[in-house]
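The values are calculated or read from the model by the stated rules, or taken from the named source; none is laboratory data. None of the values given here were measured: they were computed from a predicted structure. Because the Cβ atoms are built from the backbone with ideal geometry, glycine has one as well, and the counts that use them run over all protein chains shown.
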Amino acid sequence: MPGNGLWRTKSVEQSIADTDMPESRLRKNLSAWDLTVFGVAVVIGAGIFTLTASTAGDLSGPSVSLAFVLAAVACALAALCYAEFASTVPVAGSAYTFSYATFGEFLAWIIGWDLVLEFAVGAAAVATGWSEYLQTVLGYLFGEGVRTSADVGGLSVNWGALLLITVLAVLLVAGTKLSSRVSMVITAIKVAIVLFVILFGLSFVTAANYSPFIPPGQSAESAATGVDQTVFSWLAGGASSAFGVFGLLAGASLVFFAFIGFDVVATTAEETREPKRAVPRGILGSLAIVTVLYVATALVVTGMVPYTDLATAEDGTRQTLATAFALNDVDWAANVVSVGALTGLTTVVMVLMLGQVRVLFAMSRDGLLPRGLARTGELGTPVRATILVAALVAAAATFFPAGKLEEMVNVGTLFAFILVSAGVMVLRRTHPDLRRAFRVPALPVVGPAAILACLWLMLNLTILTWVRFVAWMVLGMVIYFLYGRRHALLGLRGATPTQLPVEGADPKATPR
């Protein structure tokens, strides 16, 4: 039964029924292939093109490939839980919608606010990186004097990021099917670039560059300490979290950013034909593809040059995949990789914005945010929500540097994964007869393992990241108590218990 106040829950039946409201109905035109494309499109991006090299040089050395494996294991465990939830509750909103059905309204708001951190801030960070690559490519074409930012009244304006977000917002308003077609073309290009890095880079690999595979830990004098040290390193009494075992674990928590996005597939469940089959295939298929590409790329890049050559420069400039080719005097290949990265980051920003719009849409339809944002236009897309998200992401990307945003996005996403993994176990216990097209195998083992793996990665993020995360959550709670709680549609209409569809029942039958 639904609870009261903070812990009132929205039944699965009610969530599905709300998808048929005429003024906020989304068009169902996505297939399993479309979802897989979305997943690969958003995951292969900033992580592979930027974090691989810099994490090897700054934290993990050649063992960055092992760091990718550790991060992939945590993602795979959480992905199984996402697949069961999304195929059972094919409603926009991803972890937010799932939490509303299991943990109640307050935690649903918290996770929705948390997803803002993942999608919107992530999109802004990647858009800033896209602009940097655009400047590099334009420099190849027109000379080094080209800049994608300009000073306006003493304020630095990143016009490259602004241009990208504006174009992508138009595509998203036009419809997710068109967005999927654009993603398919661009994704094919960037997968080809990644394969080029792997296959061509093999000819420059030297076995000596893999030794030591896990470099010895740095002294406190030469590595990050204090609030820039990881929580686990601090608790375990480590001098620093650079290289050594602590560096490997910190690297796994950082390259986790490279996997962020597969959960975006779950946000499109409401727009999918046959979501009970398509969503699990899209989530698990995209994750499997990118994991193989990531580990292979990491092994090749760290074999091409000594890991010390991939360290971040004193001016803060991070090394990329192109750096490995440039250091081997293959400038034309470095240019090809840069163009490929520019192309690849385009779809990352688009799909992150798509995910953010769908979460905002779901929260608005429930009344936790202004309901006008949930209205869909003639094209069957939430135009107002898309414009708002584009404006917020553009403001962040245009006027603020990326900074430590990757870590902020990571901590928010891992927190979401923990709630989803716990939510699947709760729903199995509270509604054991609910129809499930996909079931997590060995859930009593996989569920707790997913939670522990994600918590472990969270502990290997820096203390400062945790402080910022807590501050963000506090701001979200203030907004909920000032607006969301009083305007929640579930509370205004008085939620009543409804019978959930059970395994083996006629899906067209009306619940009592």
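I'd like to check something: does region 431-441 contain any residue that is of a type in the set (Val, Ile, Thr), farther than 17 Å from residue 110 by Cα, surrounded by 14 or more Cβ atoms within 10 Å (Cβ to Cβ) and at pLDDT below 85? Within region 431-441, none of the residues are of a type in the set (Val, Ile, Thr), farther than 17 Å from residue 110 by Cα, surrounded by 14 or more Cβ atoms within 10 Å (Cβ to Cβ) and at pLDDT below 85.
Only a single criterion out of (1) within 19 Å of the chain's Cα centre (by Cα); (2) closer than 30 Å to residue 242 by Cβ; (3) at pLDDT 75 or above; (4) hydrophobic (A, V, I, L, M, F, W, C) is not satisfied by residue 40, namely (2).
To keep it simple, each residue is scored yes or no on (1) in contact with a strand residue (DSSP E or B) (Cβ under 7 Å, 6 or more places away or on another chain); (2) of a type in the set (A, V, I, L, M); (3) crowded, with 24+ Cβ neighbours inside 10 Å; (4) touching a residue at least 60 places away in the same chain (Cβ under 8 Å).
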site	(1), (2), (3), (4)
296	no, yes, no, yes
299	no, yes, no, yes
323	no, no, no, yes
326	no, yes, no, no
333	no, yes, no, yes
343	no, no, no, yes
347	no, no, yes, yes
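Summed over region 189-242, residues that are part of a loop (DSSP other than H, G, I, E, B), modelled with pLDDT of 90 or more and of a type in the set (A, V, I, L, M) total 1.
Scanning region 365-399 for residues that are crowded, with 21+ Cβ neighbours inside 10 Å, within 17 Å of residue 483 (Cβ to Cβ) and in contact (Cβ under 8 Å) with a residue 60 or more places away in the chain returns 365, 366, 368, 369, 374. Within the bounds of region 120-135, is there any residue that is surrounded by fewer than 22 Cβ atoms within 10 Å (Cβ to Cβ), part of a loop (DSSP other than H, G, I, E, B) and over 20 Å from the mean Cα position of the chain (by Cα)? Checked region 120-135: no residue is surrounded by fewer than 22 Cβ atoms within 10 Å (Cβ to Cβ), part of a loop (DSSP other than H, G, I, E, B) and over 20 Å from the mean Cα position of the chain (by Cα).
Could you pull out every one of the helices (runs of 4 or more DSSP H) wholly within region 247-347 that has 3 or more residues that are more than 23 Å from residue 188 (Cβ to Cβ) and either touching a Cys at 6+ places or on another chain (Cβ under 6 Å) or modelled with pLDDT of 80 or more (or both)?
Details: elements: 264-267, 275-304, 321-327.
Result: 275-304, 321-327.
Has region 406-420 got at least one residue that is over 20 Å from the mean Cα position of the chain (by Cα) and at pLDDT 80 or above? Checked region 406-420: no residue is over 20 Å from the mean Cα position of the chain (by Cα) and at pLDDT 80 or above. Six or more apart or on different chains, Cβ atoms under 9 Å: show the pairs whose first residue is in region 423-435 and free of Cβ contacts under 8 Å to residues at least 40 places away in the same chain and whose second is part of a helix (DSSP H, G or I) and of a type in the set (Asp, Glu). From residues that are free of Cβ contacts under 8 Å to residues at least 40 places away in the same chain, the pairs are 428/84. Each residue in region 44-86 was checked for being within 20 Å of residue 210 (Cβ to Cβ) and not small (Gly, Ala, Ser), and 12 of them qualify.
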